[in-house]
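The values are calculated or read from the model by the stated rules, or taken from the named source; none is laboratory data. All figures in this text were calculated on a predicted structure; none of them were measured in a lab. Here the Cβ is made from the backbone with ideal geometry for all residues, glycine too, and neighbour counts use every protein chain on show.
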Amino acid sequence: MKHSKFRKMFRQEYRFFLIFSGIALLGFSLFYIYPIIRTLMLSFTNKTIFDPTVEYVGLENYIYALTNDPLFHQSMIQSLIFAFASGVMVLVTSLLLAVLLNSKVKFIGIFRTIYFIPFIIPSFAVGAVYKNLFNPNTGLINQILEWFGVVDPPLWYIAPSSALITMIVISSFGFGVKMLVFLAALQGIDPALYEVAQMEGASKWRSFRFITLPLISPMLFFNIILITIDGLKAFSLAFVMGNGQGWPSNSTLLFPIYMFMTAFNMPFRLGYAAAMAWLFFLMILGLTGVNFLASRFYVEKDVT
Amino acid sequence: MELIKRLAKPVSNIPKKKRKQHHAMTYFLLSFFALIALLPLYYLVITSMKDLNEASTMATMWPQSFALFDNIRFVLNYPDYNVVRMFINTMIVFVLKAVGTGLTCSLAAYGFAMYKFPFKNTIFFILLSAMMIPGELLGIPIFEFMVNTGLKEIAYIPLWIGAWFATDIFMIFLFRQFFQTIPKSLIEAARMDGYSELQIFFKIAIPLNKPVFVTVIILYFIGTYNDLYGPALYITQKSDWLMANSISIFENMYRSGSSSYLVPWNYVSVASLIALMPEVLLFSFMQKQFMETAAGVGIKG
């Protein structure tokens, strides 16, 4: 008797779960499971969007991308360089600024607001704002460099040889959010620890190295993963900087831009783009895995 | 720990002079980075004051000409630049996305937090791991679907439809965290009083967790406002343009076939300043929530 009452209650719970969470299960099937399967199927075909004849081509798309497509290689390498270099820049600057902002000096609130300013420039405007700043003819940066006696200032985003570097420099202005994440972590550290270190005669650097870094290492890990994935997926900046096509001469062509051009510009080669998207996904998976493995060496386990 | 605290309290054995040096160094570094952080905004404002000739040919630290009002007038009267329309369009997309996500994700999260279901935790884990899948991969079949069904150009459907199916898994996660903290006794008491489950959700769970909804609003405002991918992919007609389209109008004003062309930086700057106004307003009114939200979830690259 009691048993069946329990069962009835359970079933009611199931029903409530479906009433509330059913929408998520439906959405997940429509917007995640279906696209994954469909993309996988497309990747084995030569489908373009308006052409009704679709042929099964096996692994040809994958093989072509890996062995024969110079733009695929170039965009992948540029994406990796960009993700790594801008990741390091953002990580170092945001950590440094967070440490600075955590010091107990006057007017710190004003500095915090100022450091947040680059963040409020909408990302679709970032390109235009920094292009203006870095423009070799009309920009402020080269003007300043000339004051400091630089004879031959770089052409920045105009020249293929320096365009990617320019993009990396610009993206390192995006420290605002990560800085706040670090700041929150720093403020959670017990100040008594530093006082003790000071009494023991530890230098600023040593207390940073042996107190701060271990204590914020979980945050560090979280941020490294975020930054790596952000860098690989960078779209807006590269889209604006390269006029949507990796200008000048493919030097700012990051992988998401190349995929966008392949899939969504004429002639809409969905099949090939799908194969590239899968290769990209596998690479992200691999890198995240590497990050997780590496984290064993620098994340302290008993941080509370 | 207690001992350490007691030990640490009264003493501070660094000589005063040395500490002052320390502060000088800190201020120097703080100011240096403040200058770098201010540089883009400074040059944006300066450039918006220059006239066309100066802005597009010279690099001047301080404007030699003053044409701010002419520039504003020119930009606002430029035929393609219908800023009110673009802003309203953006707000429509924002509201549709934020309301959809706020409603469906909180519902879904409540289910995950409150009720039993076979393999519930496994399902939730699968949802969470799907957050790793790049949008590029999911976007192709959705684009194909939108083109084939003709929904691509109708009422921004591709931009917001997903929000009504609880597809923002991170939000489900966030809501669930908050719902799990609601005391079970409170819910039992409400059941005793004859509240239905949906009533409990709308009258108890939601009012108790208003801060998450503020997070949704801030996140979605920034997210929608900044999004370039969606508009680049789905918006072709001028009347459908969003704020994200507003700056390239002037950047490409004098663009002809050739690769080098004049960019009217003064107009571009005015348009950029107008475009960052809403975020400045949101930021100054909700600075605390804004920063907390940003730090909490690490938005925008």
- line: Only unsatisfied item for A:THR93, checking (1) among the β-branched types (Val, Ile, Thr); (2) within 12 Å of another protein chain (Cβ to nearest Cβ); (3) part of a helix (DSSP H, G or I); (4) surrounded by fewer than 19 Cβ atoms within 10 Å (Cβ to Cβ), is (4)
message: Whether any residue in segment B:51-66 is buried (at least 17 other Cβ atoms within 10 Å of the Cβ) and either touching a Lys or Arg at 6+ places or on another chain (Cβ under 6 Å) or on the phi > 0 side of the Ramachandran plot (or both) is what I want to check.
response: yes
- prompt: Has segment B:22-32 got at least one residue that is at pLDDT below 95, among the polar types (S, T, N, Q) and in contact with a helix residue (DSSP H, G or I) (Cβ under 7 Å, 6 or more places away or on another chain)?
  reply: yes
- line: Here the residues within segment B:46-92 that are of a type in the set (Gly, Ala, Ser), closer than 16 Å to B:VAL263 by Cα and assigned to a loop (DSSP other than H, G, I, E, B) are B:ALA59
- prompt: Considering only segment B:179-209, how many residues are free of Cβ contacts under 8 Å to residues at least 40 places away in the same chain, among the aromatic types (Phe, Trp, Tyr) and crowded, with 16+ Cβ neighbours inside 10 Å?
  reply: 1
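Is it the case, given these coordinates, that B:GLU136 is more than 12 Å from every other protein chain (Cβ to nearest Cβ), in a helix (DSSP H, G or I) and either touching a Lys or Arg at 6+ places or on another chain (Cβ under 6 Å) or free of Cβ contacts under 8 Å to residues at least 40 places away in the same chain (or both)?
no
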- line: So, first residue surrounded by 21 or more Cβ atoms within 10 Å (Cβ to Cβ) in segment B:148-171, second residue in a loop (DSSP other than H, G, I, E, B) and among the basic types (Lys, Arg), Cβ within less than 7 Å, six or more apart or across chains; the pairs are B:PRO158/B:LYS152
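One line per residue, one yes/no per condition, for (1) free of Cβ contacts under 8 Å to residues at least 12 places away in the same chain; (2) in the same structural domain as A:VAL99 (by TED's automatic domain parsing); (3) outside any helix (DSSP H, G or I):
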position	(1), (2), (3)
A:PRO153	no, yes, yes
A:MET167	no, yes, no
A:LEU226	no, yes, no
A:ILE229	no, yes, no
A:LEU232	no, yes, no
A:ASN243	yes, yes, yes
A:MET259	no, yes, no
task: Test each condition in (1) within 8 Å of chain A (Cβ to nearest Cβ); (2) within 18 Å of B:GLY100 (Cα to Cα) for B:ASP168 and report the one that comes out false.
output: (1)
query: Would you pick out the residues in segment A:170-185 that are buried (at least 18 other Cβ atoms within 10 Å of the Cβ) and in a helix (DSSP H, G or I)?
result: A:ILE170, A:SER171, A:GLY176, A:VAL177, A:LYS178, A:MET179, A:LEU180, A:VAL181, A:PHE182, A:LEU183, A:ALA185
Residue ID - nearest to B:TYR110 (Cα to Cα), chosen from residues in segment B:222-232 that are touching a residue at least 40 places away in the same chain (Cβ under 8 Å) and in contact with a Phe, Trp or Tyr (Cβ under 6 Å, 6 or more places away or on another chain): B:THR224
- prompt: Looking at A:LEU26, A:LEU80, which is the one that is more than 27 Å from the chain's Cα centre (by Cα) and either part of a helix (DSSP H, G or I) or not hydrophobic (A, V, I, L, M, F, W, C) (or both)?
  reply: A:LEU26
query: When you go through (1) in contact with a Ser or Thr (Cβ under 8 Å, 6 or more places away or on another chain); (2) part of a helix (DSSP H, G or I); (3) more than 22 Å from B:PHE28 (Cα to Cα); (4) of a type in the set (A, V, I, L, M, F, W, C) one by one for A:ILE189, which number turns out not to apply?
result: (2)
- request: Residues being under 15 Å from B:ALA108 (Cα atoms) and more than 7 Å from every other protein chain (Cβ to nearest Cβ): count how many of those fall in segment A:16-39.
  value: 5
